[in-house]
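Q: One structure is given below, represented as structure tokens, and several questions about it will come after.
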Amino acid sequence: MKDIIEKLEQRRDAAKLGGGQARIDAQHKRGKLTARERIELLLDKGSFEEFDMFVEHRSTEFGMEKQKIAGDGVVTGWGTVNGRTVFLFSKDFTVFGGSLSETHAQKIVKVQDMALKARAPIIGLFDAGGARIQEGVAALGGYGEVFKRNVIASGVIPQISVIMGPCAGGDVYSPAMTDFIFMVKDTSYMFVTGPDVVKTVTNEVVTAEELGGASVHAVKSSVADGAFENDVETLLQMRRLIDFLPSNNTSGAPEWPTQDDPDRIDNSLDTLIPDNPNKPYDMKELILKVVDEGDFFEISPAFAKNIVTGFGRVAGRSVGFVANQPMVLAGVLDSDASRKAARFVRFCDAFEIPIVTLVDVPGFLPGTAQEYGGLIKHGAKLLFAYSQATVPLVTVITRKAFGGAYDVMASKHVGGDLNYAWPTAQIAVMGAKGAVEIIFRADIGDADKIAARTREYEERFLSPFVAAERGYIDDVIMPHSTRKRIARALAMLRGKSVEMPARKHDNLPV
Ligand code: HXC
């Protein structure tokens, strides 16, 4: 018996060494942790249970039958994050560059199936060179199996991809179909084809970072939802994110104990809005003062900064926040902001996370660049997402809500359950200057008349009351009471239930 146990331990030790100490050292030298070290950091201490540690590839091409490494380049299993079950796979770059073989894919498919059955989130840690070149179509088939499961699980369990090294070829498309992608700055990159292929095909010379580093995907392309400094910070932030997410689409938003009084008043909010309506202020200040303990996890903070999206908690329960940001482009809605917010709203709706929308928007961004870029379709995505959402929707207009953007930003008309406005709100088709120049065009030469007309327009329309008189705004609330009013609204809406007509699926303007 002792012999058998010793042999098991030897096999386990060999498997844990992956591609060997030299490759582990090389991994560390690049500032990266190993697949197993990453799992240790992501999960609660001692909670990891591994599957398929002894799986080996079955390839016999190119001398592969002589190179078998237990585990075959990916570590899979489950564990807990702050006591809640999660499934994961972690690519081991020390084994054939983490490349995907038929058996490697089968290991991933097994945890995907298990996560779906158990209705628990799945996290993929990527550090890999794409399809195992020696296996050819067997590897491609494996990718297809993984992709299909990503789609079947979409909207049922949260799926998170963390890019912690190279991620090329087939490896990029699985993350692209998950809910969130996060990257590690300077040591990770994602692209369909690498710099060498790019040079051959297009003659373009680029580095891996320029082609698909975090500086590209978290800032310009929006493929990634955020980037962190190193492996350790990234994994700790993933633990924080998981705390905000439900286990599945029917479990409801998670709740955590909080010391923060939901009735907390914040008098500083009464002076947040500057006297000059064209002066910016930081909408994040309002979010941080509304959420429990100032704890806010921002999604896509470096892309389309004119809109802020992210998770916070109110009275202990997760809430998705969508907020125009007057500090950037005056908080205008453009194509990027619309896309970013639409995706976030759809995630929250799919997973029953209530949405709080904070509005200060001067309208949609005019111009050829936006129109040529498809602003109509992109703006429609956000309008569609809100109109389709059945989760509790609480909206607070702090200042401007102009034009079509008023409708889009979770107005009463598209499904807002409780729509509040601060006394400083201005709800109108457009600002006073533009409006007067159109409807009183004949008076344009007469400065006094124009000034009088402008004052008249401002007094009549640039307030919350025209909307409130029609019931489009449920109440005009004091800024200092915003947290309390939101908390009460969310508590009242807890049992919200809305039936949509039966259909196969909608046809979102993608
Ligand atoms: C087999 C691979 C491999 C792969 C890397 N290795 N990629 N083995 N299949 N795809 C092995 C290397 O041979 C090497 O083995 C070890 O992993 C480390 O690789 P290095 O090249 O030394 O590391 P590095 O310089 O850091 O470069 C990493 C890399 C590069 C950028 C990922 O290896 C690379 O470009 N690999 C190929 C990427 C690729 O084109 N993949 C196929 C994509 S096509 P030794 O023994 O020397 O340590 C694809 C199609 C799927 O994925 C489409 C589905 C939709």
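Read-outs throughout are calculated quantities, based only on the coordinates presented, and are distinct from any laboratory measurement. Treat the numbers as computed from the prediction; the structure is a model and nothing was measured. As a convention, Cβ positions derive from the backbone with ideal geometry for all residues, glycine included, and neighbour counts pool all protein chains shown.
Q: Charges on Cβ only, +1 for Lys and Arg, -1 for Asp and Glu, centred on the Cα centroid of the range 1-74; of Gly31, Ser59, Leu42, which one is farthest towards the dipole's positive end?
A: My answer, from the dipole projection, is Gly31.
Q: First check a/c for the range 156-244, with a ≥ b ≥ c the square roots of the eigenvalues of its C-alpha gyration tensor; if it is under 1.5, answer rounded, and if not, answer prolate when a/b is larger than b/c or oblate otherwise.
A: Values: a/c = 2.65, a/b = 1.79, b/c = 1.48.
Note, shape of the range 156-244 comes out prolate.
Q: For the pairs Lys32/Lys185; Lys185/Lys381; Lys16/Lys107; Lys107/Lys148; Lys284/Lys305; Lys91/Lys199, note any where the Cα-Cα span goes beyond 19 Å.
A: Details: Lys32/Lys185 11 Å; Lys185/Lys381 30 Å; Lys16/Lys107 16 Å; Lys107/Lys148 15 Å; Lys284/Lys305 11 Å; Lys91/Lys199 28 Å.
Flagged as over cut-off: Lys185/Lys381; Lys91/Lys199.
Q: Please label the shape of the range 1-133 as rounded, prolate or oblate, based on the square roots a ≥ b ≥ c of the eigenvalues of the alpha-carbon gyration tensor (a/c under 1.5 means rounded; beyond that, a/b larger than b/c means prolate, else oblate). Kindly include the intermediate steps, with their values, before the conclusion.
A: On the way: a/c = 1.36, a/b = 1.26, b/c = 1.08.
Rounded, because the longest to shortest axis ratio a/c is under 1.5.
Q: I'd like to know which of Ser99, Gln112, Gly141 lies farthest towards the positive end of the charge dipole of the range 79-142, counting +1 on Cβ of Lys and Arg and -1 on Cβ of Asp and Glu.
A: Gln112
Q: If each residue's Cβ is checked for other Cβ atoms within 10 Å, how do Thr76, Thr85, Thr454 rank with the fewest at the top?
A: Thr85, Thr454, Thr76
Q: Hey, fewest Cβ within 10 Å first, where do Ile397, Ile473, Ile439 land in order? Could you put the intermediate results ahead of the total?
A: Values: Ile397 28, Ile473 25, Ile439 12.
Fewest-to-most Cβ neighbours within 10 Å comes out as Ile439, Ile473, Ile397.
Q: Filter the trypsin sites (Lys or Arg not before Pro) in the range 1-57 down to the DSSP loop ones having no more than 16 other Cβ atoms within 10 Å, then list what survives.
A: Details: sites: Lys2, Lys7, Arg11, Arg12, Lys16, Arg23, Lys29, Arg30, Lys32, Arg36, Arg38, Lys45; in loops: Arg30, Lys32, Lys45.
Hits after loop and neighbour filter: Arg30, Lys45.
Q: Which value, in debye to the nearest 20, gives the size of the charge dipole of the chain about its Cα centre, when Lys and Arg are +1 and Asp and Glu are -1 at the Cβ? Each step should come with its number before you reach the end.
A: Working: 60 positive and 66 negative charges, 143 e Å.
That gives the chain a dipole magnitude of about 680 debye.
Q: Charges at C-beta only: +1 for Lys and Arg, -1 for Asp and Glu. How large is the resulting dipole of the range 360-447 about its Cα centre, in Debye rounded to 20? All intermediate terms of the calculation are to be shown ahead of the outcome.
A: Working: 7 positive and 7 negative charges, 42 e Å.
My answer is approximately 200 debye.
Q: Normalised by the residues of the range 200-272, what does the relative contact order come to in percent, with Cα pairs under 8 Å and at least six apart? All intermediate terms of the calculation are to be shown ahead of the outcome.
A: Working: 21 pairs, mean separation 7.9, N = 73.
With pairs under 8 Å counted, the relative contact order is 11 percent.
Q: Hey, another quick one. Given +1 on the Cβ of Lys and Arg, -1 on the Cβ of Asp and Glu, and no further charges, what dipole in debye does the range 29-106 carry about its Cα centre, rounded to the nearest 20?
A: On the way: 11 positive and 12 negative charges, 83 e Å.
Charge dipole of the range 29-106: 400 debye, to the nearest 20.
Q: In addition: Under 17 Å Cα-Cα from Lys449, which lysines qualify once same-chain neighbours fewer than 8 residues away are excluded?
A: Lys433
Q: Counting only C-alpha contacts under 8 Å and six or more residues apart, can you give the relative contact order of the range 403-510 as a whole percent? Show your work: numbers first, answer last.
A: On the way: 83 pairs, mean separation 33.8, N = 108.
RCO, the range 403-510: 31 percent.
Q: Would you please name the chymotrypsin sites (Phe, Trp or Tyr not before Pro) within the range 1-106 that are DSSP coil residues with at most 14 other C-beta atoms within 10 Å of their C-beta?
A: Working: sites: Phe48, Phe51, Phe54, Phe62, Trp78, Phe87, Phe89, Phe93, Phe96; in loops: Phe48, Phe54, Phe93.
Filter output for the range 1-106: Phe54.
Q: Taking neighbour Cβ counts within 10 Å as the exposure measure, how do Leu333, Leu8 sort from fewest upward?
A: Numbers: Leu333 29, Leu8 11.
Arranged by neighbour count, lowest to highest, Leu333, Leu8 become Leu8, Leu333.
Q: Please report the relative contact order for the chain, taking Cα pairs under 8 Å with a sequence separation of at least 6, and give it as a percent rounded to a whole number.
A: Values: 1044 pairs, mean separation 46.2, N = 510.
This gives 9 percent for the chain.
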